[in-house]
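S.K.: Pasting a structure here, questions to come.
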Amino acid sequence: MNILSQIDIEHIQFLSRHRLYDHLKNCLRDPHFSVLKSIVRDRSSLCLEKIRCHLSEKVEILRLFQLHLMTEVFLYGGRLSQSTRHWITDQIDTKLFFPETNIDLMASGRWAVVPAILMKNQCQGTVRYFIAGAVPDFNPKRLWPEWADPLMDKSFKASIIAAKSASEKASQASEDLSLFCYPLTIQTRALQFSGKSMGLSMFLGFKKVFCIEDSTNRLLATGGIDPHGNILKVTGIFHKVQIAKSKGFRVVLYPSSNRAFSEFSGMTLLQVSNLEQAQMFSALYAPNTDNRLILFSEMLNNSDRFIENLHAVPHTWISWAVDNKKTEKIADFVVSNPRLFKKLVHRFEEGLLSGDVEHSRALSNVFPKEKILKEVQSAPLTSFKWFTLNLALSNHRGDVSAAVKWAQHASGLAEQALKADMESVADFYNHRFILLHNRFEFNPDLSGGLKHLINSLENVYEKHCEIGSPTFPALGRLYGSLVQNYGFCGPDYLEFTEDYTRKARKALGEQSIPEYKDEWLRPFNYLTYAYLDADRFDKATNSLFNYLEITTFTDLWLMLPEFSPWQHAILARFLADTGNGENAQKYFHWGIKNINDIKKGEHPWQLWCFNMGRIAIGLDDPENAFQLFSRSLDICLSQSSGPTIQVMALLPLSGLLSLDALKYETANIAKKIIETAARELNSEYFSILEKKDFETVLKIVLEKPERLFPFTYH
């Protein structure tokens, strides 16, 4: 619950002493006013005695004050200190309000504030609050306390009972949680709550405490619910909206069977036709999302609308729909319909290519691979593309175990897909190479299937060249993957790396197709790493200049702010390896000055920090070296890093060891994470971790980092 205002117990004492009863009641009937935050045991006990004295003739207000304090205990739960909770039980006889249980049990439940509009007549009314809870190990005889019974008429009670039944059905409620509610109001024998319009609001409140859902506290719902869970029309909607607005609410949910409002200044009015829609609107609403909420509701009921608007709604909404099992029918229908399935794959690819990883991940979860596998025979090529795109997504997220499974599914269809779409198969092999490299599997020998694909693509490419079209991106990208593969295999395969670099650049339209410029420049990046691993520094300089599009280091400095992470990474590695004195010093000072303006939360910034630390050591700057190695280590071991990045923590750890600045606790924590990651990736490749003690491993990495981390991995 968000606190809208805070009052202290001395303020309550002031209001009661000066008999400002109306203002006092308004404060106490609003659960968003917090009193307990100001409790100081001895002083507050004295204030409470004075309040009791001042309200001796207004017992109903005193009891409202006590009920308000207990309500705060329920709503704030563990956020209140034990001493504050004990103070409440010492000062208040809780059995007067909840005789069937005790305050500690009630406080262990989950509670929510449920606003309701209380109409005095057709045109006038106010907002009152019910408190809804789901309490463990509590089996009350009734849904509300006995003292609340005379406050509600038969219709009102029926709406709450219907809301309870509907929420239990929608939530598949646990047997050890019992629903309970009560009004935060003056306890009289007079009727205060009537009609059926509280049903929808109570349903949302009960659903919230059952499912621990979050929602805005500026939303109010009105509408009846019948025993079958249908939303019923209510009266006085216009005046209820006016009242809600006057009390600070900005969103009102109301039945679609009521007349729609064309516009109501300062308010978002959303009609709901069923409880699922109401629940979704309540859970997902944020300012300026009303039109998209209506669209999303339509998407969940129409497969074509869902696919057409995949990228029009937030990924968090899609994840919510998956978690709440709102997408299962959509998934079944789309996957079993070849036209829609093909359209889905196309839209999914668009999102992935745009770099929207979180959205792509949410969409992938809508269509579990178990559903796709059932339809492989009827749509093998579309299924192959879906598996390949999810392999790419898993690679990007660093989820190696998921990538392995997607690759296995795609591999089983590659031969069949080759008969229809060679370029899609080439794309698969590109992503499969990334997976192998992420697992530290570096193999110069190409499979028969890959050789056949390359031969087929080269035959097509030869015909392209004959007609004056020497650009073939599918083959160029595959050549680029081969450049990486041979680069990882080490200096013994440098000729292969050089050869495929030339081929990749040509097939990607070097100097002739500006749209592919980033792609035909990229092989120069890979070639520079390969030359550095082979200690061919002159050639590394030439390929670096080609990649950065400079002719001398003089051209470099004005371009630095516009460089990509990959350009900064290779530049730091080059300067660290070559010991390029004046230029290394100049770049280092620029990097230190601008370090907070560069995004350093993900790959390859951990390698940039590591190599900048190496430069700092060369410049006899151990203080900055320590800071850079430490930052590199933090990135490697962050929760967002996958195992491929986690094992790279050996690099900055070796740097800290060289500075004699590696703490035992740090090394021990890192060692456990690295060993777990190594086992997940490739235990044979990292067998040195089992054969040698950890300090020896770090010394080996310090002396020859390429032994474990070749090419672009250091």
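The values are calculated or read from the model by the stated rules, or taken from the named source; none is laboratory data. Please read all numbers here as calculations on a predicted model, not as lab measurements. Cβ atoms come from the backbone with ideal geometry, glycine included; neighbour counts cover every protein chain shown. Areas reflect the complete protein model, heavy atoms only, side chains present, ligands, DNA and RNA absent. Shrake-Rupley method; radii C 1.70, N 1.55, O 1.52, S 1.80 Å.
S.K.: From Leu450, Leu352, grab the single residue that is within 26 Å of Gly509 (Cβ to Cβ), buried (at least 18 other Cβ atoms within 10 Å of the Cβ) and under 23 Å from the mean Cα position of the chain (by Cα).
M.R.: On the way: Leu450 fails: under 23 Å from the mean Cα position of the chain (by Cα).
Going through Leu450, Leu352 in turn, the sole match is Leu352.
S.K.: Any chance the stretch 40-55 includes a residue that's part of a helix (DSSP H, G or I) and either under 27 Å from Asn139 (Cα atoms) or under 40 Å from the mean Cα position of the chain (by Cα) (or both)? Working first, answer last.
M.R.: First, pick out the residues of the stretch 40-55 that are part of a helix (DSSP H, G or I): 41-54.
So of that shortlist, the ones also either under 27 Å from Asn139 (Cα atoms) or under 40 Å from the mean Cα position of the chain (by Cα) (or both) come out as none.
The answer is no, given that none of the residues of the stretch 40-55 is part of a helix (DSSP H, G or I) and either under 27 Å from Asn139 (Cα atoms) or under 40 Å from the mean Cα position of the chain (by Cα) (or both).
S.K.: Within the stretch 466-481, can you find the residues that are open to solvent by 50 Å² or more (accessible area, probe 1.4 Å), within 15 Å of Ile513 (Cα to Cα) and in a helix (DSSP H, G or I)?
M.R.: If we filter the stretch 466-481 for residues that are open to solvent by 50 Å² or more (accessible area, probe 1.4 Å), which is where we start, we get 466-468, 470, 477.
Still in the running and within 15 Å of Ile513 (Cα to Cα): 468, 470, 477.
Passing the criteria: only Arg477.
Yes or no, residue by residue, for (1) touching a Lys or Arg at 6+ places or on another chain (Cβ under 6 Å); (2) touching a residue at least 12 places away in the same chain (Cβ under 8 Å); (3) β-branched (Val, Ile, Thr):
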site	(1), (2), (3)
Arg432	no, yes, no
Pro470	no, yes, no
Asn485	no, yes, no
Asp499	no, no, no
Trp520	yes, yes, no
Phe524	no, yes, no
Phe537	no, yes, no
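S.K.: Do the conditions hold for Ile88, that is, is it open to solvent by less than 30 Å² (accessible area, probe 1.4 Å), in contact with a helix residue (DSSP H, G or I) (Cβ under 9 Å, 6 or more places away or on another chain) and at pLDDT 85 or above?
M.R.: Details: open to solvent by less than 30 Å² (accessible area, probe 1.4 Å): yes; in contact with a helix residue (DSSP H, G or I) (Cβ under 9 Å, 6 or more places away or on another chain): yes; at pLDDT 85 or above: no.
Criteria not met by Ile88.
S.K.: Go through (1) under 25 Å from Asn324 (Cβ atoms); (2) without any contact (Cβ under 8 Å) to a residue 60 or more places away in the chain; (3) open to solvent by less than 20 Å² (accessible area, probe 1.4 Å) and name the single condition Glu168 misses.
M.R.: (3)
S.K.: Please go through the stretch 621-666 and give me each residue that is of a type outside the set (Val, Ile, Thr), more than 21 Å from Tyr713 (Cα to Cα) and assigned to a helix (DSSP H, G or I), ordered by number. Before the answer, list the steps.
M.R.: Going residue by residue through the stretch 621-666, those that are of a type outside the set (Val, Ile, Thr) are 621-634, 636-643, 646, 648-665.
Going one step further and asking which of them are more than 21 Å from Tyr713 (Cα to Cα), we end up with 621-624, 659-665.
Within the stretch 621-666, Pro622, Glu623, Asn624, Tyr664, Glu665 qualify.
S.K.: Which ones in the stretch 395-447 are open to solvent by 50 Å² or more (accessible area, probe 1.4 Å) and of a type in the set (S, T, N, Q)?
M.R.: Ser401, Gln408, Ser411, Gln416, Asn443, Ser447, listed by residue number.
S.K.: Can you run down the residue pairs with Cβ atoms below 6 Å, 6 or more apart or on separate chains, where the first is in the stretch 90-111 and among the hydroxyl-bearing types (Ser, Thr, Tyr) and the partner is part of a loop (DSSP other than H, G, I, E, B)?
M.R.: Note: pairs meeting the criteria are Thr101/Phe138.
S.K.: Of everything in the stretch 639-675, what is among the hydroxyl-bearing types (Ser, Thr, Tyr) and in contact (Cβ under 8 Å) with a residue 12 or more places away in the chain? Give them in sequence order.
M.R.: Step one: filter the stretch 639-675 for residues among the hydroxyl-bearing types (Ser, Thr, Tyr), giving 640-641, 644, 654, 658, 664, 666.
Matches in the stretch 639-675: Ser640, Ser641, Thr644, Ser654, Ser658, Thr666.
S.K.: Restricting attention to the stretch 558-589, report how many residues are open to solvent by 50 Å² or more (accessible area, probe 1.4 Å) and of a type in the set (A, V, I, L, M, F, W, C). Give the steps one after another, and end with the answer.
M.R.: Keep residues of the stretch 558-589 that are open to solvent by 50 Å² or more (accessible area, probe 1.4 Å), which gives 558-559, 561-562, 566, 579, 582, 585-586, 589.
If we keep only those that are of a type in the set (A, V, I, L, M, F, W, C) too, we end up with 558-559, 566.
Residues flagged as open to solvent by 50 Å² or more (accessible area, probe 1.4 Å) and of a type in the set (A, V, I, L, M, F, W, C) within the stretch 558-589 amount to 3.
S.K.: Can you name every residue in the stretch 222-249 that is surrounded by 16 or more Cβ atoms within 10 Å (Cβ to Cβ) and either charged (D, E, K, R) or in contact with a Leu (Cβ under 8 Å, 6 or more places away or on another chain) (or both)?
M.R.: Thr222, Gly223, Gly224, Ile225, Gly229, Ile231, Lys240, Val241, Ala244, Lys245, Phe249, listed by residue number.
S.K.: For the condition buried (at least 22 other Cβ atoms within 10 Å of the Cβ) and touching a residue at least 24 places away in the same chain (Cβ under 8 Å), what is the one hit in Gln187, Gln279? Talk me through it step by step, then tell me what you get.
M.R.: Details: Gln187 fails: buried (at least 22 other Cβ atoms within 10 Å of the Cβ).
Of the residues listed, the single one that is buried (at least 22 other Cβ atoms within 10 Å of the Cβ) and touching a residue at least 24 places away in the same chain (Cβ under 8 Å) is Gln279.
S.K.: Now a separate question. What number of residues within the stretch 282-316 are surrounded by fewer than 16 Cβ atoms within 10 Å (Cβ to Cβ), among the polar types (S, T, N, Q) and more than 17 Å from Tyr254 (Cα to Cα)?
M.R.: 4
S.K.: Among the residues that make up the stretch 120-127, is at least one of them farther than 24 Å from Val252 by Cα and without any contact (Cβ under 8 Å) to a residue 24 or more places away in the chain?
M.R.: Narrowing the stretch 120-127 to residues farther than 24 Å from Val252 by Cα: none.
Looking for residues that are farther than 24 Å from Val252 by Cα and without any contact (Cβ under 8 Å) to a residue 24 or more places away in the chain, one finds none in the stretch 120-127, hence no.
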